[in-house]
Amino acid sequence: MRYVRSAEPTWTVPAWSVDAPAREHTQASNDNAPERERYTDGNNAASYTDGNRTGDWMQTFTGRQFWPMDPRAAEIFIEDIAHSLAMQCRYAGHCLRFYSVAEHAVLMARWFIAQGMHDEAEQALHHDDPETYLVDVPRPVKPFLPGYKDAEQRVWLAVAERFGLQPVLSAHVHDADSRILVDEMTQNMTPPSKPWNIPAVGLGVTLQFWTPEQAEAEYLATYWSLVETRRH
């Protein structure tokens, strides 16, 4: 199912959405919001408070507010995740063909489904969900961004709470996330000048190179399939 843009800049949220309320952030509500205060922390970095929230907010695909530095489970929506991850290319775009974070997550999840490992499949589908709000930062960069890992962990815990996942990522998912690098490198990267520090054997998945629209639909379809499996 696709979102349909109306004459006004709003989005129609599908009826089957997780807690899909009508948009609440109207101009009137914004006019009544508490005034934002600006302050400077000990590192001379500009920061903000917005009422009782830490940091500033970003607008999501469905038009909602989300505070990346102050994530809350109730403000996470699967439609925002699917759309954002489908629009983000892996490897900072340094690949031969467009290959989204959403496709990466779906391929991992479906690999676990084929093994009959549904708990791991759910974690695999969601393991990169924090990138919805923090973007896909290449692995060599993450350790050198102060505060990024802490922010990533806070968003992950909110994601886990939202979707009823175990907050500690399974060792099987960590392993699959490393092994799929082999498949992605061999199928979508220029041959490297030096070997990557990755496992010798990949997952054996075949990249599909979905468009953002396809990747979004496949992500949502996989999500709802896993929800139905859990229900039964």
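Identify all residues within the stretch 166-198 that are in a loop (DSSP other than H, G, I, E, B) and open to solvent by less than 90 Å² (accessible area, probe 1.4 Å); write none if there are none. Explain how you work it out, then say what you get.
To start, the set of residues in the stretch 166-198 that are in a loop (DSSP other than H, G, I, E, B) comprises 166-170, 189-198.
Once the filter is applied, which keeps residues that are in a loop (DSSP other than H, G, I, E, B) and open to solvent by less than 90 Å² (accessible area, probe 1.4 Å), the stretch 166-198 yields P167, L169, S170, M189, P192, W196, I198.
Return the pairs, sorted by first residue and then second, in which the second residue is in a helix (DSSP H, G or I) and open to solvent by less than 60 Å² (accessible area, probe 1.4 Å), the first residue lies in the stretch 124-148 and is among the small types (G, A, S), the beta carbons are less than 6 Å apart, and the residues are 6+ apart or on different chains.
Partner pairs satisfying both residue conditions: A124/M108; A124/A109; A124/F112; A124/V173.
Answer yes if at least one residue in the stretch 1-8 is open to solvent by 50 Å² or more (accessible area, probe 1.4 Å), among the small types (G, A, S), at pLDDT 95 or above and over 24 Å from P140 (Cα atoms), and no otherwise.
Of all residues in the stretch 1-8, those open to solvent by 50 Å² or more (accessible area, probe 1.4 Å) come to 1-2, 4-8.
Subsequent filtering for residues that are among the small types (G, A, S) retains 6-7.
Those still in the list that are at pLDDT 95 or above too: none.
No; the residues of the stretch 1-8 include none that is open to solvent by 50 Å² or more (accessible area, probe 1.4 Å), among the small types (G, A, S), at pLDDT 95 or above and over 24 Å from P140 (Cα atoms).
What's the total number of residues in the stretch 80-108 that are more than 14 Å from Y133 (Cβ to Cβ) and among the acidic types (D, E)?
Going through the stretch 80-108, the residues more than 14 Å from Y133 (Cβ to Cβ) turn out to be 86, 89-100, 102-108.
Now drop any that are not among the acidic types (D, E), which leaves 103.
Number of matching residues: 1.
So E216 ticks every box in (1) acidic (D, E); (2) under 19 Å from S84 (Cα atoms); (3) surrounded by fewer than 20 Cβ atoms within 10 Å (Cβ to Cβ) but one. Which box is left unticked?
Unmet condition: (3).
Of everything in the stretch 138-148, what is closer than 22 Å to M87 by Cα and either open to solvent by 30 Å² or more (accessible area, probe 1.4 Å) or small (G, A, S) (or both)? Give them in sequence order. Give the derivation first.
Step one: of the stretch 138-148, the residues closer than 22 Å to M87 by Cα are 138-142, 148.
Across the stretch 138-148, the qualifying residues are P138, R139, P140, V141, K142.
Of these, N52, N30, which one is among the polar types (S, T, N, Q), open to solvent by 40 Å² or more (accessible area, probe 1.4 Å) and at pLDDT below 50?
On the way: N52 fails: at pLDDT below 50.
The unique qualifying residue is N30.
E218: of a type in the set (D, E), without any contact (Cβ under 8 Å) to a residue 12 or more places away in the chain and out of contact with any Ser or Thr (no Cβ under 8 Å at 6 or more places or on another chain), yes or no? Give the derivation first.
Values: of a type in the set (D, E): yes; without any contact (Cβ under 8 Å) to a residue 12 or more places away in the chain: no; out of contact with any Ser or Thr (no Cβ under 8 Å at 6 or more places or on another chain): yes.
So E218 does not fit the description; no.
Out of everything in the stretch 102-137 that is touching a helix residue (DSSP H, G or I) at 6+ places or on another chain (Cβ under 8 Å) and part of a loop (DSSP other than H, G, I, E, B), what residue ends up being surrounded by the fewest Cβ atoms within 10 Å (Cβ to Cβ)? Reasoning before the result, please.
The initial filter retains those residues of the stretch 102-137 that are touching a helix residue (DSSP H, G or I) at 6+ places or on another chain (Cβ under 8 Å), namely 102-113, 117-118, 120-134, 136-137.
When the remaining residues are screened for being part of a loop (DSSP other than H, G, I, E, B), the result is 117, 127-130, 136-137.
Values: M117: 18, H127: 23, D128: 23, D129: 26, P130: 23, D136: 19, V137: 14.
This residue is V137.
Return only the number of the condition from (1) more than 21 Å from the chain's Cα centre (by Cα); (2) open to solvent by less than 90 Å² (accessible area, probe 1.4 Å) that F209 does not satisfy.
The one condition F209 does not meet is (1).
The values are calculated or read from the model by the stated rules, or taken from the named source; none is laboratory data. Being a predicted model, the structure only gives us computed values, none of them experimental. Because the Cβ atoms are built from the backbone with ideal geometry, glycine has one as well, and the counts that use them run over all protein chains shown. What goes into the accessible areas is simple: the full protein's heavy atoms, side chains included, and nothing from ligands, DNA or RNA. Shrake-Rupley method; radii C 1.70, N 1.55, O 1.52, S 1.80 Å.
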